[in-house]
Amino acid sequence: MKAPWLAGMLMALLCAPGWAGPVSESKEEPSAPLDPPPVTSPWRTFQFNGTVTQVREHLEVLMKEDGLTFKEQDRDKGSFLTDLVEFDEKKFGVDVSTPPPKASPKYPWFQTIEMTSGRFGLEGRLSSLGEGQTRLDLRALLEIRAMDKKIRGMRWVPRYSNGSVEQVYFTRLALSLLQPSQAPAR
């Protein structure tokens, strides 16, 4: 008499964690870090017609519209860093990051390939290029919700920007600076 259910039960027991037999202490998996590795996206640069003060004021208005606030700001050096705010697929409308590394024992964060929602912030530097010309170096700070295999829960994991967020800000800022000269509302 054959018992196919017995083979199924045996396979289920062998595949279940803890039933595959004794685990050798010498073959331990390399431990993954508790926090995701830091990510530094590349700088994107654009040149604007306007003084550093004009460009800064218009940029601050755009960031305020998006709910961004300054965490750090050095007006003498022209540098700034904002906090992170959540966004959904309607905000940018496209994938805003490069694909993540494949999940592995050393990188235990499972996440979607495309990033159309998550959190974003900005880091930038403003510098004068002469009379009425300003250079803006900008990079997006991105984070996505990912499943952490170690804690068996969700957490924010940084991602590299593909330049889409920066391009949206450059376009919006250029259009803002083209409008008739008015002081931006604060």
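Considering only segment 140-147, I want to know if a residue exists there that is part of a helix (DSSP H, G or I), in contact with a Gly (Cβ under 9 Å, 6 or more places away or on another chain) and either hydrophobic (A, V, I, L, M, F, W, C) or buried (at least 20 other Cβ atoms within 10 Å of the Cβ) (or both).
There is no residue in segment 140-147 that is part of a helix (DSSP H, G or I), in contact with a Gly (Cβ under 9 Å, 6 or more places away or on another chain) and either hydrophobic (A, V, I, L, M, F, W, C) or buried (at least 20 other Cβ atoms within 10 Å of the Cβ) (or both).
I'm trying to understand the selection: among the residues of segment 47-77, which are without any contact (Cβ under 8 Å) to a residue 24 or more places away in the chain, more than 18 Å from Arg119 (Cβ to Cβ) and within 22 Å of the chain's Cα centre (by Cα)?
The answer is Gln73, and nothing else.
Condition (residue is surrounded by fewer than 16 Cβ atoms within 10 Å (Cβ to Cβ), touching a strand residue (DSSP E or B) at 6+ places or on another chain (Cβ under 7 Å) and under 18 Å from Pro42 (Cβ atoms)) applied to segment 102-119: is it met by at least one residue?
No, the conditions are met nowhere in segment 102-119.
Out of all the residues in segment 99-130, which are small (Gly, Ala, Ser), more than 18 Å from Asn162 (Cβ to Cβ), touching a residue at least 24 places away in the same chain (Cβ under 8 Å) and not in a loop (DSSP other than H, G, I, E, B)?
Ser127, Ser128
Restricting the search to segment 123-134, which residues are crowded, with 17+ Cβ neighbours inside 10 Å and farther than 19 Å from Thr69 by Cα?
Thr134
When you scan segment 71-86, do you find a residue that is at pLDDT 85 or above and of a type in the set (Ser, Thr, Tyr), even just one?
Taking every residue of segment 71-86 in turn, at least one turns out to be at pLDDT 85 or above and of a type in the set (Ser, Thr, Tyr).
Considering only residues that are modelled with pLDDT of 90 or more and in contact with an Asp or Glu (Cβ under 8 Å, 6 or more places away or on another chain), look in segment 134-157 and name the one that is farthest from Pro105 (Cα to Cα).
If we take residues in segment 134-157 being modelled with pLDDT of 90 or more and in contact with an Asp or Glu (Cβ under 8 Å, 6 or more places away or on another chain), then Leu138 is farthest from Pro105 (Cα to Cα).
Mind checking which residues of segment 40-95 are closer than 25 Å to Leu178 by Cβ, in a loop (DSSP other than H, G, I, E, B) and touching a strand residue (DSSP E or B) at 6+ places or on another chain (Cβ under 8 Å)?
Listed by number, the residues that qualify are Trp43, Gly50, Thr51, Asp66, Gly67, Leu68, Gly78.
Considering only segment 69-97, state which residues are surrounded by 12 or more Cβ atoms within 10 Å (Cβ to Cβ) and under 25 Å from Leu129 (Cβ atoms).
Across segment 69-97, the qualifying residues are Phe70, Gln73, Gly78, Ser79, Phe80, Leu81, Thr82.
The values are calculated or read from the model by the stated rules, or taken from the named source; none is laboratory data. Because the structure is predicted, anything quoted here is derived from the model rather than measured. Virtual Cβ from ideal backbone geometry, glycine too; neighbours counted across all protein chains shown.
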